[in-house]
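The numbers here are math on the coordinates, done by the rules we state, and not lab data. Note that this is a predicted model, so its numbers are computed, not measured. Every residue, glycine among them, receives a Cβ derived from its backbone with ideal geometry; neighbour counts consider all protein chains shown.
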Ligand code: GLU
């Protein structure tokens, strides 16, 4: 369909996916969805020395977890495949040969093999190996002689020596480079694989990519790509380079800022909706004030004029806050379901399996307090424990002694054992009256009870908690506290 928006996310499987990669994927996906276009995943696995097994699976899992679906690419296929560049080598070879025969590229025999860990960006930054290389100007005859004598060669693109290459970047505006500052970059490597530059241009053309949206660090590669498009006679796509992501100290984002591989956010108990919302704001905004914004609203409003030029700041504290906001918006059933895998992972085995029905009643009591789902076991453990193991001295509240504490416990135990209705208002009414009779303050009497029922000095509202725990559990705990306290005295 002419004019159709087709954008791609083109990860290299060289490590675990991080916030930077996924933000690029997200922006491309939002742009495709906003425009009713296609979102394509293409695996750029031509740098064989740097392949890290499992990284593509981790990337795709990360996208799935965030509900970022792709229309073409690994697993789903599509009309423009294969979507792994390592399966498209003949295409690149054919294009490289064409460029050589047109005089836009040449075999270079004097290039040094790069170190194995050299990556594309380092290569681009390094001074061209062809600074004093004569290969560009070899006659056909000389070339054939060298070619016969020496197997080891690369193909370099012959950059125009003068003139200017310009891009009208949809985010950054017009950017230009003097061609004389750009080296004769390699397009085919020693191993017969194309470099990123050739493969990206070939595939962006063949896959009919309409917009290339990628991180700003790729901007310096753009004039090379534009020159390749031109030499190959292809219409270039539109370019949009996304702002850098920095830490709050304005240094390049790293682990130090709390940014980790996407899988870590899953393990740490972030909700995908919260991480997605957070990442959307790394370079895009609805207006100056809205932070919490649904993915539908973002999709409806995702235009590139709302993408900032200036660097985005990754603020871990904001992510945590946002996660808490999203957790609070879950229904009790959703929260219970979200907590379950974390409880299964972290609760002592004797408390498993989790009683789902009970958990659904517990969840709302904790909703205000939990910021990450990996806190689930810690903040709910006392609901599941058969018996508390706390230090019984903790039962004694300020201004009380052992006797008054024991009387308080016994009085509460009587009340609770006799109660027919465990509804929290009823419990509060009954126990308030008992506390008054004992001439204890609310803080004292309820403090004793809280420790007896939970083993902790801090917990959600006491009576709502007792209602959720139910009569049997509550009575058995208070009874247990009485027994342990008496034995300890
Ligand atoms: N394979 C490159 C990367 O890993 C893609 C750059 C591009 O989108 O052109 O980021």
- [ ] Rounded, prolate or oblate: pick one for the stretch 19-70, where a ≥ b ≥ c are the square roots of the eigenvalues of its C-alpha gyration tensor, a/c under 1.5 means rounded, and failing that, prolate if a/b is larger than b/c, else oblate.
- [x] prolate
TODO: With just the Cα atoms of the stretch 271-391, tell me how far they stretch along each of the three principal axes, in Å, largest first.
DONE: 59, 27, 21
- [ ] Quick one: grab the alpha carbon gyration tensor of the stretch 377-467, order the square roots of its eigenvalues as a ≥ b ≥ c, and give me rounded if a/c is under 1.5, else prolate or oblate depending on whether a/b is larger than b/c.
- [x] oblate
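Quick check on the stretch 322-435: what are the equivalent-ellipsoid semi-axes from the Cα gyration tensor, as sqrt(5λ), descending, whole Å? Write out the running numbers ahead of the final one.
On the way: eigenvalues 193, 61, 43 Å².
Rounded to whole Å, the semi-axes are 31, 17, 15.
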TODO: Report, to the nearest 10°, how far helix 356-366 tilts away from the longest principal axis of the Cα atoms in the chain, using its own Cα long axis and a range of 0 to 90°.
DONE: 90 degrees
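Which length gain, in nm to one decimal place, applies between residue 178 and residue 337 when the Cα-Cα distance is subtracted from 0.36 nm times their residue separation?
Going from the current span to full extension adds 51.5 nm.
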Task: Per-residue [θ]222 nm for the chain (sum of -39500 (n - 2.57) over DSSP H runs n ≥ 4, rounded to 500) - done: -14000 deg cm²/dmol
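Relative contact order of the chain: what whole-number percent is it, with Cα pairs under 8 angstrom and at least 6 residues apart? If you can, show how the numbers build up before the last one.
Working: 710 pairs, mean separation 60.6, N = 489.
So the answer I get is 12 percent.
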Open item on the list: Compute the distance from the alpha-carbon center of the stretch 7-86 to that of the stretch 197-226, in whole Å.
Closed with: 15 Å
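As an exercise, use a Förster radius of 30 Å and the Cβ-Cβ distance of residue 164 and residue 90 to find the FRET efficiency, rounded to the nearest 0.05. Walk me through the intermediate numbers first.
On the way: r = 34 Å, r/R0 = 1.13.
After rounding, the FRET efficiency stands at 0.30.
Could you work out the Rg to Rh ratio of the chain, with Rh taken as the Kirkwood radius (inverse of the mean 1/r over all Cα pairs)? Working shown, then result.
Details: Rg = 32.0 Å, Rh = 27.0 Å.
Radius of gyration over Kirkwood radius for the chain works out to 1.18.
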- [ ] Once you have a ≥ b ≥ c as the square roots of the Cα gyration tensor eigenvalues for the stretch 355-420, tell me rounded if a/c is under 1.5, and otherwise prolate or oblate according to whether a/b is larger than b/c.
- [x] prolate
Open item on the list: Starting from the 7 Å offset along Cα-to-Cβ, what nm value, one decimal, do you get for the label separation of residue 349 and residue 368?
Closed with: 3.8 nm
- [ ] Report the calculated FRET efficiency for residue 480 and residue 424 (r = Cβ-Cβ distance, R0 = 22 Å), to the nearest 0.05.
- [x] 0.55
Open item on the list: Could you check the spin-label model distance between residue 235 and residue 310? Points 7 Å from the Cα along Cα→Cβ, value in nm.
Closed with: 3.7 nm
Task: Average Cα contact separation per residue, the stretch 141-225, under 8 Å, 6 or more apart, as relative contact order % - done: 26 percent
TODO: Would you mind ranking 428, 467 by Cβ crowding within 10 Å, fewest neighbours first?
DONE: 428, 467
- [ ] Return the distance in nm (one decimal) between the two label points of a simple spin-label model at residue 398 and residue 329, each offset 7 Å from Cα along Cα→Cβ.
- [x] 4.0 nm
Task: nm² value of the averaged projected area, convex hull over the Cα atoms of the stretch 155-281 - done: 10.6 nm²
TODO: Relative to the longest principal axis of the C-alpha atoms of the chain, give the angle of the C-alpha long axis of helix 316-328, reported between 0 and 90° and rounded to the nearest 10°.
DONE: 60 degrees
- [ ] Could you tell me how many degrees, from 0 to 90 and to the nearest 10, lie between the Cα long axis of helix 140-149 and the main elongation axis, the longest principal axis, of the Cα atoms of the chain?
- [x] 60 degrees
Open item on the list: Can you give the FRET efficiency to the nearest 0.05 for residue 51 and residue 391, using r as the Cβ-Cβ distance and R₀ = 56 Å?
Closed with: 0.55
